[in-house]
Amino acid sequence: MSSSALFAPLQVRSLCLKNRIVISPMMQHAAPGGFANHWHLVHLGKFALGGAALVLTESTAVSPVGRIGRDDAGLWDDAHVAPWKEVVDFVHAHGAAIGVQLGHAGRKAGSKALWEGGEALSEAQMAEADPRWVRIGPSAVAAGEGWSVPRAMSGADIEEVVAQFAAAARRADAAGFDVVELHFGHGYLAASFLSPLSNLRTDEHGGSREGRMRLALRIAREVRAAWPGDKPLWCRLSVVDGAVGGWGVEDSIALVRQLQDCGVDVIDCSSGGLTEQTRALPVPRGLGFQVPFARQVRSATGVLTQAVGMIVEPRQAEEIVASGAADLVAIGREALYDPYWPLHAQAALQPDPQFGDWHLRHRVWLQKRQLVLDRLKGAAD
Ligand SMILES: Cc1cc2nc3c(=O)[nH]c(=O)nc-3n(C[C@H](O)[C@H](O)[C@H](O)COP(=O)(O)O)c2cc1C
């Protein structure tokens, strides 16, 4: 039996995760028309082979309006289901669970990939890419310098977005996903409703904290109703948005208590992203820089939390779970650096000379490799 907290299984509703390691959502800008393709099969499939318990997709748009970049993955159309199902089936065949992160960019729609500079597209560039692609938000407040002012959403726009999240969740189920993660962080649509800096509405979706939380809670409730009751629901929050006068830890704790009542099972604790101003006031990026948020949210609410952000060392990850800061750790860039990070972490924490958790096609070769290495080491000693 495993004595490692990181490699202990975790049951969430009907899903049994084999360990506590999750691949964090990572935007690929590689899905023209919103369709998953061979890139996603290999990119996400390799993380299943690498031993993660749960692989999360990149932010996947619930509508063409809600795309962050032009080539975001999508689940806004039934035609998106079949290509996703191929990815899901491959990941399942290799022992991992897979979740889709559902997102709507809101006023932060229309940005270039980071390797192209990451800046905002002009409205003309967005319209040229797709006439449906426009910036919408709670109020006519731009996301920052270089960003155009979004159209303040009408009541009908809000109803439409809630319905789009629910429809995307139904498609996610049809594709066989095990988990839906709602992307309520990083300044995108739901986060922009939460913050008093971006939400200046005076109707029921603005004003008090209760009003600003209404959209997020409605989405969570409608998605929960559309998503099978035995499948778990994750939610990513920017626990603090990092802006002066913005959304903070106490606000997140109040929101999480209500998200729990809506049937959200796991809170993925991220931070930042609301405005350009956030960039001037970053949460300092040390090792495990967002772990304290996961710990605070977990201890205040009892919800399962997922920690993320510069989790890079097996012992660091082990300590996060063993100390009760979080129930799960998500790795992003570290998984890009080493897609086999979970298996390597396992080798570091509880070495198995039989390589029993490695793929059958590789296992015997790794055993033979190890014999040679051990013999060479013995000769050198
Ligand atoms: C290439 C890349 C793309 C990302 N795309 C998303 C995304 O689609 N949704 C999201 O919530 N976070 C996204 N993030 C943030 C990561 O999920 C993660 O929270 C962040 O990178 C910190 O974790 P790390 O230090 O392990 O990389 C992205 C990060 C990277 C590196």
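Compute the distance from the alpha-carbon center of region 160-229 to that of region 1-36, in whole Å.
Comparing the Cα centres of region 160-229 and region 1-36, I get a distance of 21 Å.
How long are the semi-axes of the ellipsoid equivalent to the chain, from square roots of 5 times the Cα gyration tensor eigenvalues, in whole Å, largest first?
Result for the chain: semi-axes of 36, 22, 20 Å.
Run the numbers for A140 and W39: contour at 0.36 nm per residue of separation, minus the present Cα-Cα distance, in nm.
32.7 nm is the gain from fully extending A140 to W39.
If I take R0 = 35 Å and measure r between the Cβ atoms of A348 and S299 in this structure, what FRET efficiency does the formula 1/(1 + (r/R0)^6) give, to the nearest 0.05?
Result of the calculation: an efficiency of 0.80.
How much mean residue ellipticity at 222 nm does the chain get from its helices, if each DSSP H run of length 4 or more adds -39500 (n - 2.57) and you divide by all residues, to the nearest 500 deg cm²/dmol?
-12000 deg cm²/dmol
Taking only Cα atoms and a 10 Å spring cutoff, compute GNM fluctuations for the chain and point out the largest among A168, A347, A143.
Most flexible of the set in this elastic network: A347.
If we count other beta carbons within 10 Å of each Cβ, what is the order of Y340, Y188, fewest first?
Ordered from fewest to most neighbouring Cβ atoms within 10 Å, Y340, Y188 come out as Y340, Y188.
Report the relative contact order of the chain, percent, no decimals, based on alpha-carbon pairs under 8 angstrom and at least 6 residues apart.
16
Once you've got the GNM for the chain with C-alpha springs shorter than 10 Å, pick whichever of W247, W365, W76 has the biggest mean-square fluctuation.
W365
Using a 7 Å offset from Cα along Cα-Cβ at L373, what residues in region 52-88 end up with backbone N under 19 Å from the label point?
52
Please report, in debye to the nearest 20, how large the charge dipole of the chain is about its Cα centre when each Lys and Arg carries +1 at its beta carbon and each Asp and Glu carries -1 there.
520
Taking the dipole about the Cα centre of region 89-237, with the C-beta of Lys and Arg at +1 and of Asp and Glu at -1, give me whichever of S208, W234, H94 is farthest to the positive side.
S208
Every number in this text was worked out from the coordinates using simple rules, so none of it is lab data. Keep in mind it's a predicted model, so treat the numbers as computed, not measured. Glycine also receives a Cβ, built like all others from the backbone with ideal geometry; neighbour counts cover every protein chain displayed.
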